[in-house]
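Asker: Here you go, one structure.
The values are calculated or read from the model by the stated rules, or taken from the named source; none is laboratory data. All values derive from a computational prediction rather than experimental measurement. Note: ideal-geometry Cβ built from the backbone for every residue, glycine included; neighbour counts use all protein chains shown. Only protein heavy atoms, including side chains, enter the accessible area calculation; ligands, DNA and RNA are left aside. Shrake-Rupley method; radii C 1.70, N 1.55, O 1.52, S 1.80 Å.
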Amino acid sequence: MLHHHAVEVTVAALRALSEAGAAIMVTDSSHMPAALMVPLAAHRSTPSRLRLQIRLLSTPIPDALWQALVRARIATQAATLRAFGLNGALRLERMVEEVEPGDRTHREGQAARHYWQHLFEGFRREKQGAQDGINARLNYGYAVLRSLVARELVAAGLSCELGLGHRQAENPFNLAEDFMEPYRFVVERQVRKLDTRAPLTSAGKAEVLAFVESEVRLGSRSFRLLPAVRETVASYIRILEKNEGQLKTAERLMAINGWRVMWVLAVFDCPVATPEEVRAYTHFRKQLLRDNFVQHQFSVYLKHFPTMAAAQAGIDRLKTSVPDGAHVAFFMLTDKQYGLTREFFGKGATKIAPDAPRQIELF
C-alpha cells in the first residue's frame, strides 16, 4: 500500500511485485484507497475461465449463487449482533430464509438497514467521502478487504468485472464485491471494538487492519481470513468448471432453535386506588415498554429473548420495578410452545388490526 505522495516505484519493482502475485494499492490525499493494481497474467487458465464466466451469466446459476451470498451476509450480520449482545439478531436470522434467487425481494437492503440501526447507535451508513469515525473506518477496512478478495480472484484466473449480484458496467470489481459480502463482518466486528470517536489516523488504520488476522469458519473447519477467501474462490471455480458442489462462505447459516429462543409473558395486577399507586403502576408499565415488551392484552405484555439466560436476566432487571402491593408473574415459554398459542375473540370483542405494530409480525 503506497501512502506518501513522494513515494517512487520503478517499473522493474512493479513487474516483480506483479509476477509474485502482489496487489498494489495507492491512496488519495486523505490516505483512503484510490486505485488498485492487480496482476493480469497470473494464471494460465484466465482465457478459458473468462469464457466460462460469460457463459454462466446466461444461466440461472448466478441468481442461485447470489442468493447464497446474500444469505451468508445476513447470517453473519445476525451472528455479529449476537457476539456483542445486541438486539435485532432474531429478525435477521428469520430473514435469511426469506432470500429468493437473485434476491428479487431485496432482503439484502432491508437487512442492512436493520443491522446498522442495532450495531451502532444513531448511525447512518455513508459510503463515499464520510468523515465520521465509524464510516471512515468501515470504508477503509472494506477497501482493503476488496483488494484482498480481488487479488485472490485474479490469481485464480477470474475476471473481476463479471459479477453475480453486482453488475455495474463501470465497476471493475463486481465479482470482488460479490465475494466480499460474507466477509464484511470481519471488518465490522473489528470497528465495533474500537474507539471510533476520534478521526481516522495512521494509528487508527493500523487498528482496523487487525481484521486481516481474523479466523472464520467454513463448514466444520476454521480458517484464517485469506485461506478462507481462497476456499470460497475455489468452490466457485468448481461450480464454474464442473457444475458441482456448493459455494463455501464464511460461517454457516445459523439455524433457529425453537427450543432455545424464549418468550416472556409479564402478567400483572397493580393497585391504582391512590395517586401514588397510579404513578407506581405507570412507572412499571413504562419500564416494560423501555425494555421492549409489547402489549398483548390489558396487563399482559410479552417479549422474545434469544436464550433462557437472557430471559432470566431481563426478568431480574424488571423485578426491582414491581410496585408495592402489586402481583406480577413472568411466564417463560419456548418459541415452539409459543407457536402453539391460539387466540379467540368473542362476539363484539375488539380485534387488533392486522397492521398494528405487534412484535410477532416484526421478524
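Asker: Assess whether Gln131 counts as being over 30 Å from Ile237 (Cβ atoms), among the polar types (S, T, N, Q), open to solvent by 30 Å² or more (accessible area, probe 1.4 Å) and modelled with pLDDT under 90.
Answerer: In short, yes.
Asker: Follow-up question, since we're still on this one. Would you confirm whether or not the range 103-114 contains a residue that is farther than 24 Å from Leu36 by Cα and β-branched (Val, Ile, Thr)? Explain how you work it out, then say what you get.
Answerer: Pass one, the range 103-114, residues farther than 24 Å from Leu36 by Cα: 103-114.
In the following step, the residues that additionally are β-branched (Val, Ile, Thr) were identified as 105.
Among the residues of the range 103-114, at least one is farther than 24 Å from Leu36 by Cα and β-branched (Val, Ile, Thr), which makes the answer yes.
Asker: Could you please let me know if Leu247 is more than 20 Å from Leu65 (Cα to Cα) and out of contact with any strand residue (DSSP E or B) (no Cβ under 8 Å at 6 or more places or on another chain)?
Answerer: For Leu247, the condition - more than 20 Å from Leu65 (Cα to Cα) and out of contact with any strand residue (DSSP E or B) (no Cβ under 8 Å at 6 or more places or on another chain) - is not met.
Asker: Before we move on, is Ala68 modelled with pLDDT of 85 or more and open to solvent by 20 Å² or more (accessible area, probe 1.4 Å)?
Answerer: Yes.
Asker: Scan Arg15, Arg55 and give me the residue that is more than 21 Å from Leu175 (Cβ to Cβ), charged (D, E, K, R) and either open to solvent by less than 60 Å² (accessible area, probe 1.4 Å) or at pLDDT 80 or above (or both).
Answerer: Numbers: Arg55 fails: more than 21 Å from Leu175 (Cβ to Cβ).
Testing whether each residue is more than 21 Å from Leu175 (Cβ to Cβ), charged (D, E, K, R) and either open to solvent by less than 60 Å² (accessible area, probe 1.4 Å) or at pLDDT 80 or above (or both) leaves just Arg15.
Asker: So if I check each of Val191, Val187, which one is outside any loop (DSSP other than H, G, I, E, B), among the β-branched types (Val, Ile, Thr) and more than 13 Å from the chain's Cα centre (by Cα)? Let's see the steps before the verdict.
Answerer: Details: Val187 fails: more than 13 Å from the chain's Cα centre (by Cα).
Exactly one residue qualifies, and that residue is Val191.
Asker: I would also like to ask the following. In the list Phe284, Phe211, Phe268, which residue meets the criterion of being under 30 Å from Gly314 (Cβ atoms), open to solvent by less than 40 Å² (accessible area, probe 1.4 Å) and in a helix (DSSP H, G or I)? Walk me through it before giving the result.
Answerer: Numbers: Phe211 fails: under 30 Å from Gly314 (Cβ atoms); Phe268 fails: in a helix (DSSP H, G or I).
Only one candidate qualifies: Phe284.
Asker: Right, something else. Residues being in a helix (DSSP H, G or I), over 18 Å from Gln77 (Cβ atoms) and either touching a strand residue (DSSP E or B) at 6+ places or on another chain (Cβ under 9 Å) or open to solvent by less than 20 Å² (accessible area, probe 1.4 Å) (or both): count how many of those fall in the range 153-184.
Answerer: Qualifying residue count for the region: 5.
Asker: When you go through (1) at pLDDT below 90; (2) open to solvent by 20 Å² or more (accessible area, probe 1.4 Å); (3) over 17 Å from Thr249 (Cα atoms); (4) in a helix (DSSP H, G or I) one by one for Phe123, which number turns out not to apply?
Answerer: (4)
Asker: With respect to Tyr115, determine if the residue is in contact with a Leu (Cβ under 7 Å, 6 or more places away or on another chain) and part of a helix (DSSP H, G or I).
Answerer: Taking the combined requirement at face value, the residue satisfies it.
Asker: Does the range 344-358 include one or more residues that are part of a loop (DSSP other than H, G, I, E, B), open to solvent by less than 50 Å² (accessible area, probe 1.4 Å) and at pLDDT 85 or above?
Answerer: Scanning the range 344-358, I find no residue that is part of a loop (DSSP other than H, G, I, E, B), open to solvent by less than 50 Å² (accessible area, probe 1.4 Å) and at pLDDT 85 or above, so the answer is no.
Asker: For the range 219-241, give me the residue count where each residue is farther than 17 Å from Val144 by Cα, in a helix (DSSP H, G or I) and either touching a residue at least 24 places away in the same chain (Cβ under 8 Å) or open to solvent by 20 Å² or more (accessible area, probe 1.4 Å) (or both).
Answerer: Going through the range 219-241 one residue at a time, the tally reaches 10.
Asker: Does the range 140-147 include one or more residues that are touching a residue at least 24 places away in the same chain (Cβ under 8 Å), assigned to a loop (DSSP other than H, G, I, E, B) and open to solvent by 10 Å² or more (accessible area, probe 1.4 Å)?
Answerer: Looking for residues that are touching a residue at least 24 places away in the same chain (Cβ under 8 Å), assigned to a loop (DSSP other than H, G, I, E, B) and open to solvent by 10 Å² or more (accessible area, probe 1.4 Å), one finds none in the range 140-147, hence no.
Asker: For the range 85-108, which residues satisfy the criterion of being over 18 Å from Tyr183 (Cβ atoms), open to solvent by 30 Å² or more (accessible area, probe 1.4 Å) and either part of a helix (DSSP H, G or I) or not β-branched (Val, Ile, Thr) (or both)?
Answerer: The answer is Gly85, Leu86, Asn87, Arg91, Arg94, Glu97, Glu98, Glu100, Pro101, Arg104, His106, Arg107.
Asker: Moving on to the next point. How many residues are without any contact (Cβ under 8 Å) to a residue 60 or more places away in the chain, within 11 Å of the chain's Cα centre (by Cα) and more than 22 Å from Arg167 (Cβ to Cβ) when one looks only at the range 89-112?
Answerer: Residues that pass the stated criteria total 1.
Asker: Would you say Ser235 is hydroxyl-bearing (Ser, Thr, Tyr) and under 21 Å from Tyr140 (Cα atoms)? Before you say what the answer is, go through the steps one by one.
Answerer: On the way: hydroxyl-bearing (Ser, Thr, Tyr): yes; under 21 Å from Tyr140 (Cα atoms): no.
In short, no.
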